[in-house]
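The values are calculated or read from the model by the stated rules, or taken from the named source; none is laboratory data. Here the structure is a predicted model, which means the values were calculated and not measured. Glycine gets a Cβ as well: all are built from the backbone with ideal geometry, and neighbour counts include every protein chain shown.
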Amino acid sequence: MENTTMAIPPSAATSRRTPRAQDGFGLIELLMATVVIAFVLVGFAMIFGTASRESVKSANKTDAQQLATARMEKVRLLDYAQIGTVSGNPPGIIPAVEFVGDYTVVTKVSYVDDPAAGGYNTYRDYKRVKITVIVTQSGKTIAVEETKIAPPTGPLTDKGVLKLTVLEAGPNSTLAGVTVQLSGVSGGTRTDETDQNGQVVFADLPPNPSPAAQYVITASKPGYIVDPADVAPMPNALVRIAATSVVERVIHLSKPLGVKVTLRNASGGTLFTAPTQVQIATQDGLTWGQQPVSGGTYTGPTFGSLPIVASKSYIFSANVKIGTTFYFGKSVSYTAPVNGTNASSLNVPPIVMTPYSAASTVGTVTITVVRNGVPVTGAIVRLLGGPVPIFMVASTPATGTVIFKAPVGTGYTVQVTDPKSGNSGATTFYTSVNALTTVPVVL
């Protein structure tokens, strides 16, 4: 039997060993190609997207700049007296904020102080106008236009100026960002904010047409209270302006503080729990208040209607009649802390209540306040001292008369303040209180 072998053509053998040489791209190559193309397309998309966004930004900026320029041209066409924002400082007819399409237009007008050497300083030599265009949705500023405008006839000297400084009570540091309103007399209300030095200047103020007409200062800032001594009708919040005058005022704001008051019995030191009216007044005699206390203690952010101002000094006392017995609290002094971070610093020293059960030991004190023979309304009358010693306070009604019940004894002082006039009036010393005591006070 012959051993035969079939010969395989070289071409056929080669074809079997390399089958993929004739099948085109495989799956891996296809995936790699897809990834490369995707990267290329993403790159193109990013380029075109960026270009598109930059084009939109450029168009927005152009539109905003044109809007600011157009608004400024309108301002330049106004009379000088009209250049100001509505209820602004200076006042005028320009809206402080406008919404135009996708934009918010903010206009700020301020006086510029550029006095001539040796001349009267009007604080209003010309006006600075700043127009800012903001994208409403994003809050981004994209255009600003600013200019200065001089008065047509030069600075005038027929008006007055108010320079106001706002301090934070406690640290006694200047306070920026306080909204200040000036109202009254004429021209409506002006509104401005204190600068980084805590100052704001109201210039070009018409003089008061009469002694009774006054400008009224109102200040506010979130998170702060205004010292009641700087709130109308207190004299520091009222301003009289004369031609060429420059009036300077300082007002105080304070972080709100709390206070804790405790009443105790004279014997044993236990809590005096009967409902009692507790009185408070500032040591300067300008403001006062009262607060009912039950259970022997009171804790609150204010005392009656009177807020507690940082670093300010107060006097507290109390009195109540239970049956036929009068209880008089020994007056205590208290100075509020710079801040309220230390809770114990808000504690007023205890007010010790002393009983007076015999009718003969309690007298009636009648105090009448007059000026030029006319009863004074709204005067603050304080009775201090005596054997306890006590402190009582009240405001005079239309009759000008207040009546107190007090322990019979010596060493009393009557103090009267008329906040409306800013005159502390008379301080009269009396050596005794009898069953019926009359004290005339002439301011």
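Would it be correct to say that THR438 is surrounded by fewer than 18 Cβ atoms within 10 Å (Cβ to Cβ) and at pLDDT below 95? Before the answer, list the steps.
Details: surrounded by fewer than 18 Cβ atoms within 10 Å (Cβ to Cβ): yes; at pLDDT below 95: yes.
The answer is yes for THR438.
Checking GLY268 against (1) under 27 Å from ILE351 (Cβ atoms); (2) in contact (Cβ under 8 Å) with a residue 40 or more places away in the chain, which single condition isn't satisfied?
Going through the list (1) under 27 Å from ILE351 (Cβ atoms); (2) in contact (Cβ under 8 Å) with a residue 40 or more places away in the chain, GLY268 breaks only (2).
Name the single residue, out of those in region 104-149 being assigned to a strand (DSSP E or B) and basic (Lys, Arg), that is surrounded by the fewest Cβ atoms within 10 Å (Cβ to Cβ).
Checked region 104-149; the qualifying residue surrounded by the fewest Cβ atoms within 10 Å (Cβ to Cβ) is LYS148.
Run VAL393 past the list (1) in a loop (DSSP other than H, G, I, E, B); (2) modelled with pLDDT of 90 or more; (3) buried (at least 18 other Cβ atoms within 10 Å of the Cβ) and report the number of the one that doesn't hold.
(1)
Considering each residue of region 277-310, count those that are in contact (Cβ under 8 Å) with a residue 40 or more places away in the chain, part of a loop (DSSP other than H, G, I, E, B) and either of a type in the set (A, V, I, L, M, F, W, C) or within 22 Å of GLN415 (Cβ to Cβ) (or both), and give that number.
7
When both residues are 6+ apart or on different chains and their Cβ atoms are under 9 Å apart, which pairs have a first residue that lies in region 229-252 and is at positive phi, and a second that is part of a strand (DSSP E or B)?
THR244/GLY160; THR244/VAL161
Could you figure out which of (1) closer than 17 Å to ASP284 by Cα; (2) free of Cβ contacts under 8 Å to residues at least 60 places away in the same chain; (3) surrounded by 14 or more Cβ atoms within 10 Å (Cβ to Cβ) isn't true of TYR356?
The single condition TYR356 does not satisfy is (1).
Any residue at all in region 60-73 that's within 12 Å of VAL129 (Cβ to Cβ), modelled with pLDDT of 70 or more, of a type in the set (D, E, K, R) and in a helix (DSSP H, G or I)? Give the derivation first.
Within region 60-73, the subset within 12 Å of VAL129 (Cβ to Cβ) is 68, 71-73.
Retained after the next criterion (residues that are modelled with pLDDT of 70 or more): 68, 71-73.
Still in the running and of a type in the set (D, E, K, R): 71, 73.
Right, trim to in a helix (DSSP H, G or I) and you get 71, 73.
Checking region 60-73: at least one residue is within 12 Å of VAL129 (Cβ to Cβ), modelled with pLDDT of 70 or more, of a type in the set (D, E, K, R) and in a helix (DSSP H, G or I).
Only residues that are loosely packed, with under 15 Cβ neighbours inside 10 Å and at pLDDT below 90: list them for region 214-241, please.
Listed by number, the list holds a single entry, PRO233.
Can you tell me which residue is surrounded by the fewest Cβ atoms within 10 Å (Cβ to Cβ) among those in region 320-353 that are among the polar types (S, T, N, Q) and closer than 20 Å to VAL416 by Cα?
At the first step, the residues of region 320-353 found to be among the polar types (S, T, N, Q) are 324-325, 331, 333, 335, 339, 341-342, 344-345, 347.
Those left that are additionally closer than 20 Å to VAL416 by Cα: 331, 333.
On the way: SER331: 20, SER333: 12.
The qualifying residue surrounded by the fewest Cβ atoms within 10 Å (Cβ to Cβ) is SER333.
On the given criteria, is GLY363 in contact (Cβ under 8 Å) with a residue 40 or more places away in the chain, assigned to a loop (DSSP other than H, G, I, E, B) and not charged (D, E, K, R)? Lay out the reasoning, then the answer.
Numbers: in contact (Cβ under 8 Å) with a residue 40 or more places away in the chain: yes; assigned to a loop (DSSP other than H, G, I, E, B): no; not charged (D, E, K, R): yes.
So GLY363 fails the test.
Checking the condition outside any loop (DSSP other than H, G, I, E, B) and either under 17 Å from the mean Cα position of the chain (by Cα) or under 24 Å from PHE316 (Cα atoms) (or both), which residue from ALA274, ALA229 passes? I'd like the intermediate steps shown before the answer.
Numbers: ALA274 fails: outside any loop (DSSP other than H, G, I, E, B).
Of the residues listed, the single one that is outside any loop (DSSP other than H, G, I, E, B) and either under 17 Å from the mean Cα position of the chain (by Cα) or under 24 Å from PHE316 (Cα atoms) (or both) is ALA229.
For region 152-167, indicate whether the set of residues that are under 17 Å from ALA96 (Cβ atoms), assigned to a strand (DSSP E or B) and under 14 Å from the mean Cα position of the chain (by Cα) is non-empty.
No - not one qualifying residue is present in region 152-167.
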